[in-house]
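Just below is one structure, and these are the notes that go with it.
The values are calculated or read from the model by the stated rules, or taken from the named source; none is laboratory data. Remember, predicted model here, so these are calculated numbers, not experimental data. We place every Cβ from the backbone using ideal geometry, glycine too, and count neighbours over all the protein chains shown. The area values use the complete protein model at the heavy-atom level, side chains included, leaving out ligands, DNA and RNA. Shrake-Rupley method; radii C 1.70, N 1.55, O 1.52, S 1.80 Å.
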Amino acid sequence: MVARGYKDTEIGVIPVEWEVVKVGKHTKLMGGYAFKSKDAKEFGTRWLKIANVGIKKIKWEQVSHLEDTYQEEYKKFLLKKNDIVLAMTRPILSMKLKIAKITNDDIPALLNQRVGKFIFDDKVNDEFLYQLFQHIDFVKLLMLKIMGTDPPNVSSEQLESIKIPLPPLKEQEKIADILSTADEKIDAIEGQIQKAETLKKGLLQKLLSEGIGHSEFKDSELGKIPESWEVVELAKITTILLSNVDKKSKEDEHDVKLCNYMDVYNNQYITNDLVYMEATAKDNQIEKFQLQINDVIITKDSETKDDIAIPAVVKETFENLICGYHLAVLRPKENILYGVYLMKAIQSVNVHKHFEKLANGITRFGLTSSAINQALIPLPPIEEQNEIANILSSVDNKLVVLRAKKEKYETLKKGLLQKLLSGEVRV
């Protein structure tokens, strides 16, 4: 039974005042121009390609340019602020649409082929449709259109044929205003995260090369360091353990929790808040590889050299957490080395590059026991290690708070998106 004020339609229950229309009734998707690779210049007007279209943002990590004169010659393809663009090849990533709005930071730019620009008529609010296109229901409908193509490609005809719910224009505007306000809040928090990340990166490099309060410096194998610091091999200041505990469960072994590769790769701090895999281990493995507070774990295998030796530190006491395979435990010697400092030192540019040089392999890279033993670390007095670690940890804590805040608003936005774009909540 349909509730009063709503009607049953081919796309589901919607308010009686709403229509069901095809996207193409009020919107067209215009493809970009097929500029040639020979047209590329070192400088000029940016050339917006598929690789530049991310989820809700334009990414300029890879930049190509065209002659500035092309702005006039191909002005039909010149993007302006608030234009909405879509990647027409591989348009979906992790069930999210690769659609973005052009900002002041993105212009001037010329639209390449296989990137589409939406053109709206005056019966629709462009921000409303921008939000609707991000809705999971729309993404699923688009997936059905492109299923079976390799690579997945969407045409303007396919996208324009999708049926959507369309409220009256005034209601579109109100919905768009609510959802764009939520986006602005999320974007503001993301900006704070990026600033904190930049601060953290700068502080890490400065503190690991200059320390705190030093005026005299010396050259070392790891670059400039304070005169009073040492550069020491890890074998002299840690006990190094390469784990051989696999993920299998065997009847003749003891139940344990396993700290695996991705637990370390994705987290700087190993704490009780994380969810660990259940497995089994032998008595001697439990005795040898049970993690202790202040241990630093590094990834010892990787597909690329620059992704080797990602560190995490054990921040809390565990009853039965064992280090898993493809990882090495660096157990600091008491009163000589502080675990959080060691983790941060390994993250620093010079030390990380040092680990890259020690890794061996061709298609896959690894650190041997010998390589880890001879790896070098800048070593301040233990008191200064603590000071450095505390400064850097405070930035980490700020980032944790900001990321949690962003996640909260993203969850709120997701709920609003569902309720407003289905007509469950009216405005």
- Message: Just to be sure before I move on: is N244 part of a loop (DSSP other than H, G, I, E, B) and in contact with an Asp or Glu (Cβ under 7 Å, 6 or more places away or on another chain) in the structure I sent?
- Response: no
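Residue-by-condition table, conditions (1) free of Cβ contacts under 8 Å to residues at least 12 places away in the same chain; (2) in contact with a helix residue (DSSP H, G or I) (Cβ under 8 Å, 6 or more places away or on another chain); (3) farther than 30 Å from P165 by Cα; (4) of a type outside the set (D, E, K, R):
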residue	(1), (2), (3), (4)
V329	no, yes, yes, yes
G339	no, no, yes, yes
S369	no, no, yes, yes
Q374	no, yes, yes, yes
V400	yes, no, yes, yes
- Item | Residue tally, condition open to solvent by less than 10 Å² (accessible area, probe 1.4 Å) and either of a type in the set (K, R) or part of a strand (DSSP E or B) (or both), over the range 312-340 | 10
- Task: Could you please let me know if I99 is in contact with a Phe, Trp or Tyr (Cβ under 6 Å, 6 or more places away or on another chain), crowded, with 17+ Cβ neighbours inside 10 Å, among the β-branched types (V, I, T) and touching a residue at least 40 places away in the same chain (Cβ under 8 Å)?
- Result: yes
- Kindly provide the set of residues from the range 144-169 that are surrounded by 15 or more Cβ atoms within 10 Å (Cβ to Cβ) and in a helix (DSSP H, G or I), ordered by number. K145, I146, S156, Q158, L159, E160
- Task: Could you list, in sequence order, all residues of the range 351-370 that are under 24 Å from N266 (Cβ atoms) and in a helix (DSSP H, G or I)?
- Result: V351, H352, K353, H354, F355, E356, L358
- Complete set of residues in the range 215-257 that are touching a Cys at 6+ places or on another chain (Cβ under 8 Å) and either at pLDDT 95 or above or more than 22 Å from Q347 (Cβ to Cβ) (or both): L241, V245
- Name, by its number, the condition in (1) open to solvent by 10 Å² or more (accessible area, probe 1.4 Å); (2) assigned to a strand (DSSP E or B) that does not hold for D122. (2)
- Task: Name, by its number, the condition in (1) modelled with pLDDT under 95; (2) more than 29 Å from H254 (Cβ to Cβ) that does not hold for P380.
- Result: (1)
- If we keep only residues of the range 170-207 that are hydrophobic (A, V, I, L, M, F, W, C) and under 30 Å from I11 (Cβ atoms), then the residue surrounded by the most Cβ atoms within 10 Å (Cβ to Cβ) is I175
- Among E410, E387, E383, the single one that is among the acidic types (D, E), free of Cβ contacts under 8 Å to residues at least 40 places away in the same chain and open to solvent by 10 Å² or more (accessible area, probe 1.4 Å) is E383
- Note on the structure: Of the residues in the range 233-288, those that are under 29 Å from L358 (Cβ atoms), β-branched (V, I, T) and open to solvent by less than 20 Å² (accessible area, probe 1.4 Å) come to I237, T238, V245, V264, I270
- Message: Checking L111 against (1) among the hydrophobic types (A, V, I, L, M, F, W, C); (2) in contact (Cβ under 8 Å) with a residue 24 or more places away in the chain; (3) open to solvent by 60 Å² or more (accessible area, probe 1.4 Å), only one condition comes out false. Which one?
- Response: (3)
- Message: I'm trying to understand the selection: among the residues of the range 341-380, which are surrounded by fewer than 20 Cβ atoms within 10 Å (Cβ to Cβ) and of a type in the set (K, R)?
- Response: K353, K357, R364
- Lone qualifier among K406, K398, K419 - being at pLDDT below 95, assigned to a helix (DSSP H, G or I) and charged (D, E, K, R): K419
- Note on the structure: Within the range 289-311, restricting to residues that are over 22 Å from V256 (Cβ atoms) and hydroxyl-bearing (S, T, Y), the one that is most open to solvent (accessible area, probe 1.4 Å) is T304
- Query: Could you list, in sequence order, the residues of the range 21-45 that are open to solvent by 50 Å² or more (accessible area, probe 1.4 Å) and not in a loop (DSSP other than H, G, I, E, B)?
  - Reply: K22, K25, K28, Y33, S37, K38, K41
